[in-house]
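Below is one structure, written out as structure tokens; comments come after it.
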Amino acid sequence: GGVGAAAAQAAAAAAAAPDKVQKQFEIAQSKVGAIIGKNSATINAIKTYSKAQCFIEQRFPKDEKATVYVVGTNKEYLKTKQTILAVIDGSMSVSTLFTLAGLPMPKGGVGEWDPSKGMAPPFGMMPPFGTMPPPGMGGPGGLSLPGLSPALMFPPGMPGGPGALVAGMPENQQMQANLNDYYSRWWSTYSQQGGEGGEGGPGGPGGDEAPTGPAFDKDAVARLAEKAAKGIIEEPLPPMPEPPGPPEAPPGPPIDEGGVCECGEAFGANAKFCSNCGNKLSKSLPPPPRPPAQSDTTIFSPQTMMSPGPPPSGLSLPGRLPLTLKGFLRPAEPQKAKTDDDALQDMMMRLQGNVVQTKEALSMAAAAPPPPRPPPGPRMGGMGMGLDEDPRTRSDYEFDSLVSRMQAAASPDDVDNIGREVLIRFPTLEPQKVVDMMSKLNSLPALHGHQNGDFLAELVRTTLPRMKEFTSSQFTSLTSTVAAWTRKPDRPRSSRFQEVSKGFFAAASQDMGSRLMTFAPHELNCCLAAFVSVGFSDHRFFASVGRAALARHSSFAPVQLTALLAILSEMRLMHTDLFNAAGAFLSARARELRPVDMIRVLRSFSKCGVQHPVLCKCVGDEVVNRSRDKSLGVSFKAEELIEICWAMCVLQQYHEACFRLMFKSLEKVPTITSDSLLLLYELHMALDAEHKEAYDRYKPEQFLVDALEDHYKDNRKDERRCSEKIRGDVAGVLKSLVEGSVHVNHRTSLSLLVDVVALRKRSSSDGFIHVDLDSTVTTVRSLDQDDPAQAALVVEGAVSLRRRLLAKTGLRLVTVRESEWRELDDSKDKRRYLRQLLSSLGDVLQ
């Protein structure tokens, strides 16, 4: 909850434990109400979901910022901060937050806490400086009771009252400690005030001395509440002797007040026959009991007893008229005076009765069999008793008829007519029918290519203003269908469809970004695959996807999380926190990963250059254990083992058992694919350069290494890391700066290729200057920042591995970024730029 500065720090210090930390961050003051929620519903859900304690500090209502204190582990702090920021920017809805926290949504919604409207401050929170106390809590604007002194309107120990805060004690524990004492004082206060100011009160004519001391023992309340919770029903205490009253009048003749018939129908004094069953009435039955007063029928529950604030409306206090929550007196019939013990015993008996009745009702409901469904009968349009009714409406029949005519259309005239009818009726269809019709068009080639694609373009254009009407599943199906239409090679393409398709995915990204937390994991992956397939690459959209996936990554299944990482890596996008969180999550659940999932996740991490030693070790151990345990029936192909080991070398991780298993599997297969042989050669060079001593014990023989190198030279001839024009331009500028021969796409002594090289001798294998070019095909964009201009570029893992091997052999290498080179206007600027890079290599220009 939100507290003042001193209270927030004291509460945070009290909640801190030796294994926890206290951190803080700021949010906008205007968002405090949304984070707290009505009755602290939202902030409590955040605490439950993140498992951390958080407190909001508010100094003055006019401040622009409020400070959030979080006490917990680093993981719990990050989870709390991400959740609060997601709620603020709208990427996580409140309903999704309650679902993730495992809490039911409060009736009437959560709303926002607004101290200016007089609402009670949330549990464990002090109102900001300058706000009014809530109604019913004493003070101005609170409950005003006639005849009570101001000191009695705010009993000591009452939540929010004087003396309610204890330094160093968390407010939730303090609230629980003061509740029983508060109710005892509340009832005791009004019991004492009940006799004042009346005719029978002290100081009045004939008044008795006012009772002193508490109304009842609060320890007895605790004992009775404990017994009620256990279902122990006690016999009521014997009634106290009543004081002698005025002499009764002599009995008169009996008055016939009617009675109750055997069927349960009441009858009057002069009735002879029952108006319900028609039987002759007998006056032997007693008259129906008179309903008790409202105060006697008030049912208390444990929630009502323990909730702060005044007792429920209609509660009768000894010696006073019933008190309402609005603070005024309501006349009622005078009741028979009861002692405090009798009132307490009656109240606890009703409480016990409610508990027992609730348990009996739940047990009977669980034991009762479900009502049998009537057997299906003939449908007759809903006519007749006991016949099943057809749930479909007229619009359903009309839609089925339209689909049938679409499937039956064969001639050009029929296709033209049904196409016009579809365009007329399409804007009025329900969202689900829109999705169904668009999916059915995939199997109708006549309509699929109608009007050279303009027919489909018009359908897609019609869905643009209705994006918010579709549920997450409908939205997923819709985007997948439009993506299939866009990339289908045999579909007639029109410029109008291409334009409408771009507008569709731009509008879809905006709508999806506003409700990302409502999409299920598989729906999120399907939508991202659709966006990727059409080449959509908006940086801000994918950054919001990364944040949303990070906030709920633990709700993904391992196969779903690996698929998400694979989609992002294929787009050359990387969210550092998401990859690290996914690595920790998948490490703990490595046994659930299939072989294809292991390859997919290591391929994603290696391509984005994100090192995660724990994940690599867990995957390597799982591969070795599954291969050795034949009872599991799991076997890895040689190509799969090669790719797993190659990815570990890219990530600079060494797992000897996995590497030995890979080389052993090669002895059992006669042939492997060409791409796997290329990876195997790079894997061999990495192990020989970085782990030579350990690798010498099991590396293959030299003739096999020579065969791998020959295959690598024959099949890896051009890296194509940049355009031919840019590469030639860089070579020309380098030639003007150095003495020697300059070559492009040169193969070094390791058989690895570089873009540009300067050789002292034309016959040399290794030059004295090597230049590599970075472009969009060799780098990965970071999604850690929303602004694409500030997004960092990370070198792809495979390119980084080759440059690392070149550096291990002593070759001097510089890197030129294609984007920076394009910004240089003339040759003079280009020479200055390249000379500055070469100066880091030493005396190469002398």
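The values are calculated or read from the model by the stated rules, or taken from the named source; none is laboratory data. Just so we're clear, the structure is a prediction, and the values are computed from it rather than from any experiment. With ideal geometry, Cβ positions are generated from the backbone for all residues, glycine too; neighbour counts draw on all protein chains shown. Accessible surface is based on the protein model in full, side chains and every heavy atom, while ligands, DNA and RNA are left aside. Shrake-Rupley method; radii C 1.70, N 1.55, O 1.52, S 1.80 Å.
Going by the structure shown, is V756 without any contact (Cβ under 8 Å) to a residue 40 or more places away in the chain and open to solvent by less than 20 Å² (accessible area, probe 1.4 Å)? For V756, the condition - without any contact (Cβ under 8 Å) to a residue 40 or more places away in the chain and open to solvent by less than 20 Å² (accessible area, probe 1.4 Å) - is met. Is it the case, given these coordinates, that A457 is farther than 23 Å from Y397 by Cα, modelled with pLDDT under 95, open to solvent by less than 10 Å² (accessible area, probe 1.4 Å) and touching a helix residue (DSSP H, G or I) at 6+ places or on another chain (Cβ under 8 Å)? Criteria met by A457. Residue pairs whose Cβ atoms lie under 8 Å apart, sitting 6 or more positions apart in sequence or on different chains, and linking a residue in region 389-412 that is closer than 16 Å to P427 by Cα and among the small types (G, A, S) to a partner that is open to solvent by 90 Å² or more (accessible area, probe 1.4 Å) and assigned to a loop (DSSP other than H, G, I, E, B), are S395/E430.
Among residues of region 520-544 that are in contact (Cβ under 8 Å) with a residue 60 or more places away in the chain, those with a Cβ under 7 angstrom from a residue that is assigned to a helix (DSSP H, G or I), sequence gap 6+ or separate chain, pair up as H539/P788; S544/G513; S544/L516.
A single member of S764, S800, S839 is hydroxyl-bearing (S, T, Y) and open to solvent by 70 Å² or more (accessible area, probe 1.4 Å), and it is S839. Evaluated against (1) modelled with pLDDT of 90 or more; (2) open to solvent by 30 Å² or more (accessible area, probe 1.4 Å); (3) not in a strand (DSSP E or B), H743 falls short on exactly one condition, (3).
Taking region 458-486 as the range and being over 15 Å from A506 (Cα atoms), of a type outside the set (S, T, Y) and assigned to a helix (DSSP H, G or I) as the test, the residues that pass are E458, L459, E469, Q474, A484, W485. Candidates in region 695-734 are the residues that are among the polar types (S, T, N, Q) and in a helix (DSSP H, G or I); of these, the one that is surrounded by the most Cβ atoms within 10 Å (Cβ to Cβ) is N715.
What residue, among those in region 467-486 that are open to solvent by 10 Å² or more (accessible area, probe 1.4 Å) and in contact with a Pro (Cβ under 7 Å, 6 or more places away or on another chain), is farthest from V415 (Cα to Cα)? So the residue we want is E469.
Within region 822-846, the set of residues being in a helix (DSSP H, G or I), under 18 Å from H770 (Cβ atoms) and out of contact with any helix residue (DSSP H, G or I) (no Cβ under 6 Å at 6 or more places or on another chain) comprises Y833, R835, Q836, L837, L838, S839, S840, L841.
Quickly run through region 820-836 and pick out the residues that are touching a residue at least 12 places away in the same chain (Cβ under 8 Å) and open to solvent by 50 Å² or more (accessible area, probe 1.4 Å).
The answer is E820, R822, S827, R831, R835.
Scanning region 70-100 for residues that are farther than 13 Å from A34 by Cα, touching a strand residue (DSSP E or B) at 6+ places or on another chain (Cβ under 8 Å), open to solvent by less than 60 Å² (accessible area, probe 1.4 Å) and not polar (S, T, N, Q) yields V70, V71, G72, E76, Y77. Of all residues in region 772-797, which are of a type in the set (A, V, I, L, M), in contact (Cβ under 8 Å) with a residue 60 or more places away in the chain and surrounded by 20 or more Cβ atoms within 10 Å (Cβ to Cβ)? Correct list: V780, L783.
What's the total number of residues in region 784-820 that are in contact with a Leu (Cβ under 8 Å, 6 or more places away or on another chain), of a type in the set (A, V, I, L, M, F, W, C) and over 30 Å from A551 (Cβ atoms)? Total satisfying the criteria: 6. Taking S751 as the residue in question, decide whether it is hydroxyl-bearing (S, T, Y) and open to solvent by 10 Å² or more (accessible area, probe 1.4 Å). Criteria not met by S751. For region 508-520, a residue qualifies if it is open to solvent by less than 20 Å² (accessible area, probe 1.4 Å) and in a helix (DSSP H, G or I), and the qualifying residues are A508, S509, D511, M512, L516, M517. Quickly run through region 635-671 and pick out the residues that are outside any helix (DSSP H, G or I) and open to solvent by 40 Å² or more (accessible area, probe 1.4 Å). Residues satisfying the conditions are S635, K637, Q652, Y654, E667, K668, V669, P670, T671.
Listed conditions (1) open to solvent by 20 Å² or more (accessible area, probe 1.4 Å); (2) in contact (Cβ under 8 Å) with a residue 60 or more places away in the chain; (3) among the charged types (D, E, K, R) are all met by E682, apart from (1).
Condition first: open to solvent by 10 Å² or more (accessible area, probe 1.4 Å) and either of a type outside the set (D, E, K, R) or closer than 18 Å to T471 by Cα (or both). Now tell me which residues in region 521-538 satisfy that. Steps first, please.
Quick first cut of region 521-538, residues open to solvent by 10 Å² or more (accessible area, probe 1.4 Å) only: 521-523, 525-526, 529, 532-538.
Listed by number, the residues that qualify are P521, H522, E523, N525, C526, A529, V532, S533, V534, G535, F536, S537.
Which ones in region 588-617 are assigned to a helix (DSSP H, G or I) and open to solvent by 20 Å² or more (accessible area, probe 1.4 Å)? First the steps, then the outcome.
Kept after step one, since they are assigned to a helix (DSSP H, G or I), are these residues of region 588-617: 588, 590-592, 595-608, 613-617.
If the condition is that a residue be assigned to a helix (DSSP H, G or I) and open to solvent by 20 Å² or more (accessible area, probe 1.4 Å), then A588, R591, E592, P595, V596, R600, R603, K607, P613, V614, K617 are the ones that fit.
Just wondering, is there one or more residues in region 770-791 that are more than 24 Å from M571 (Cβ to Cβ) and in a strand (DSSP E or B)? Yes, some residue in region 770-791 is more than 24 Å from M571 (Cβ to Cβ) and in a strand (DSSP E or B). For region 803-818, the set of residues classified as open to solvent by 70 Å² or more (accessible area, probe 1.4 Å) and assigned to a helix (DSSP H, G or I) consists of K808 only.
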